[in-house]
1. Picking from 23, 133, 44, whose Cα lies most toward the positive end of the charge dipole for the chain (charges on Cβ: Lys, Arg +1; Asp, Glu -1)?
2. With springs connecting C-alpha atoms under 10 Å apart, model the chain as a Gaussian network and identify which of 96, 31, 76 has the largest mean-square fluctuation.
3. Let me see the pair-distance distribution of the chain: every alpha carbon pair, 5 Å bin width, integer percents in order.
4. With only Lys, Arg, Asp and Glu charged, each at its Cβ (+1 for the first two, -1 for the last two), find how big the charge dipole of the chain is about the Cα centre; round to the nearest 20 debye.
5. Using only helices, what value at 222 nm comes out for the chain when you add -39,500 (n - 2.57) per DSSP H run of length 4 or more and divide by the total residues, to the nearest 500 deg cm²/dmol?
6. Highest GNM mean-square fluctuation, the chain, Cα pairs closer than 10 Å: which of 112, 142, 14?
7. Which cross-chain or sequence-distant (5 or more) residues have an amide H under 5 Å from the amide H of residue 81, H modelled 1.01 Å from N in plane?
8. With a 10 Å cut-off between alpha carbons and a GNM built on the chain, which of 66, 92, 143 moves the most?
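Each reported figure results from applying straightforward, stated rules to the coordinates on display, with no laboratory input. All of these numbers come straight from a predicted model, not from anything done at the bench. FYI the Cβ positions are ideal-geometry reconstructions off the backbone, even for glycines, and counts take in every protein chain you see.
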Amino acid sequence: MTASAEHGVRLATRDDLPAIRSVVDAAYRPYIERIGKKPGPMLADYEALVDRGHVQVAERDGGIEGVLVLIPDDGYLLLDNVAVAPGAQGTGLGRYLLACAEAAATAAGYDRIRLYTHAAMTESFGLYEHIGYSITHRARERGYDRIYMEKRIRPE
C-alpha cells in the first residue's frame with residue numbers, strides 16, 4: 001500500500017504537539033553531527049506554528065508519522081519543514097507530503113513553492129531537484145549554510 005492510501009493528512013492541533021516534536025526530533029537527529037548543531041527545524045516554535053494553522057500531520061493507525069509545515073508568504077508558499085518518522089521513511093510518505101504541499105499551494109492560488117535546506121543535508125536537496133525544484137541561491141543565515149530552492153507549480 002502507498003503512503004497516500006495509508007495516511008490521512010489533517011491540520012495539527014495542540015494535542016499533537018508532543019508527537020510533532022517527537023517526529024521532528026527523530027527525523028533530524030541524525031544530522032546534528034554532520035551540521036555541528038541541531039538543525040533549524042528542531043528549534044522551531046511548533047506551538048505558535050500550530051496556533052497559526054501552518055502545521056499538518058500525517059497519521060496512520062492513530063499515530064503521527066509525518067509533519068508538514070507550510071507558511072504563506074508574499075507571492076509564494078514556504079515549505080518550511082517536511083519530516084517523516086524513521087519508521088515511515090522509505091514508504092513514500094515524504095513524497096506524498098510534498099505533493100500535499102503542492103496541492104495546498106495550488107488551492108491557495110500560489111504559482112510556486114519555496115524552501116531551504118542545509119547544505120550538509122545532501123539527500124534533501126537531491127530529492128527536491130529530482131521532483132522539480134531548482135536551486136535559486138545559497139546563503140549563510142543564522143549560522144547555517146542554506147540552499148534555497150523553488151518549484152513553479154503553474155506555468156508563468
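1. Farthest along the dipole direction, towards plus: 133.
2. The residue that fluctuates most here is 31.
3. So the P(r) values, bin by bin, are 2, 9, 19, 22, 23, 17, 7, 1, 0.
4. 400 debye
5. Result for the chain, helices only: -9000 deg cm²/dmol.
6. It is 142.
7. 69
8. Comparing 66, 92, 143 in a Gaussian network model of the chain, the most mobile one is 143.
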